[in-house]
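Working notes, beginning with the structure itself.
Derivation of every value follows stated rules applied to the coordinates shown; laboratory data play no part. Computed from a predicted model, the values in this text were never measured in an experiment. Counting neighbours? That spans all protein chains shown, and the Cβs are built from the backbone with ideal geometry, glycine included.
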Amino acid sequence: MALVTGAGSGIGRAVARALAEAGWTLALAGRRAEALAETSRLMGLTRPDSPAVLTVPTDVTRPEQVDALFAAVRDRFGRLDVLFNNAGTFGKAGPLEELGHEDWRAVVDVNLTGAFLCAQAAFRVMKDQDPQGGRIINNGSISAHAPRPHSIAYTATKHAVTGLTKSLSLDGRPYRIACGQIDIGNAATEMTGRMQSGILQANGQMASEPVMDAADVARTVVHMAELPLEANVQFATVLATNMPYIGRG
Ligand SMILES: NC(=O)c1ccc[n+]([C@@H]2O[C@H](COP(=O)([O-])OP(=O)(O)OC[C@H]3O[C@@H](n4cnc5c(N)ncnc54)[C@H](OP(=O)(O)O)[C@@H]3O)[C@@H](O)[C@H]2O)c1
């Protein structure tokens with residue numbers, strides 16, 4: 001069974017639907033209960049005989065809520081095979097000299113601390129369960145490789161997610177815990193609404209950028225999730241084909 005965080009919208013919702021279609025039993029987490037319920041309803045439309053779904057409203061920045069989420073998963077399903085560690089936020093965009101301490105903290109709390117807390121809780125379950133092992137798939141970003149202007153908190157935390165992925169991979173080896181990362185560029189979601197309407201480029205100009213369907217990202221996550229534990233996609237980059245990234249722009 002698989003747990004998806006940030007499952008109430010965007011990529012998390014698309015991945016939940018794709019995993020359900022592939023026959024996975026799912027738990028969905030995110031702060032908004034009604035958004036999780038809508039994802040669950042959409043999964044039922046995709047696949048009317050959709051396997052069991054557990055929705056657990058959770059703020060991933062709160063350790064006690066993360067503990068409660070993983071306890072609920074263990075109680076209901078007895079094990080956890082895959083965590084899609086997806087909850088994230090872009091935060092406030094703007095010149096870094098104007099970024100407030102609280103703005104910085106808000107992004108670090110979700111993208112780094114929240115991802116760590118969920119990965120740690122998954123690691124504990126996967127290490128203890130019988131048969132032992134499982135897979136953690138972290139959601140990085142193109143910003144784990146290259147920044148957009150005015151995105152220091154997002155860029156720093158997404159680079160840090162790469163560190164989480166590498167440490168989890170290494171520390172997971174003795175326990176059959178695999179960890180991989182998907183780095184996405186411009187999937188059409190709430191977070192990337194500005195990519196189409198016009199977003200600041202490195203040369204100072206505003207430009208709209210190509211986007212792709214989140215469902216095409218989801219197909220890659222399903223592939224990563226379904227590999228046997230002896231094989232791992234360590235890093236996958238899935239981006240809108242013509243977005244500015246390759247070729248220094
Ligand atoms: N779209 C892209 O092109 C793109 C590119 C690179 C990386 N990503 C990454 O993909 C992930 C999903 O982004 P998205 O594009 O699908 O945007 P989105 O629709 O805004 O999704 C973000 C999700 O994270 C959840 N979330 C935020 N803060 C949370 C918290 N404190 N606790 C629990 N859940 C929280 C939100 O649900 P609630 O508000 O209900 O909590 C929401 O469902 C993020 O990690 C993002 O960095 C996306």
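For the reader, a short list of remarks on this structure follows.
- Filter result (within 15 Å of the ligand (Cβ to nearest atom) and of a type in the set (D, E)) within the range 41-81: D59, E64, D67
- The range 14-34 - residue that is within 7 Å of the ligand (Cβ to nearest atom) and buried (at least 18 other Cβ atoms within 10 Å of the Cβ) and, of those, farthest from E226 (Cα to Cα): G30
- Of the residues making up the range 225-242, not a single one is surrounded by fewer than 13 Cβ atoms within 10 Å (Cβ to Cβ) and assigned to a helix (DSSP H, G or I).
- Number of the exception - V73 against (1) in contact with a Lys or Arg (Cβ under 9 Å, 6 or more places away or on another chain); (2) in a helix (DSSP H, G or I); (3) without any contact (Cβ under 8 Å) to a residue 60 or more places away in the chain; (4) of a type in the set (V, I, T): (3)
- Failed item, numbered, when I246 is tested on (1) in a loop (DSSP other than H, G, I, E, B); (2) more than 13 Å from the ligand (Cβ to nearest atom); (3) over 30 Å from Q132 (Cα atoms): (1)
- Helices (runs of 4 or more DSSP H) (entirely within the range 100-191) containing at least 2 residues that are surrounded by 16 or more Cβ atoms within 10 Å (Cβ to Cβ) and among the β-branched types (V, I, T): 152-172
- Qualifying residue in the range 206-221 (condition: in contact with a Leu (Cβ under 9 Å, 6 or more places away or on another chain), among the charged types (D, E, K, R) and within 16 Å of the ligand (Cβ to nearest atom)): no
- Taken over the range 45-68, the residue count meeting the criterion of being in a helix (DSSP H, G or I) and either surrounded by 14 or more Cβ atoms within 10 Å (Cβ to Cβ) or in contact (Cβ under 8 Å) with a residue 12 or more places away in the chain (or both) is 6.
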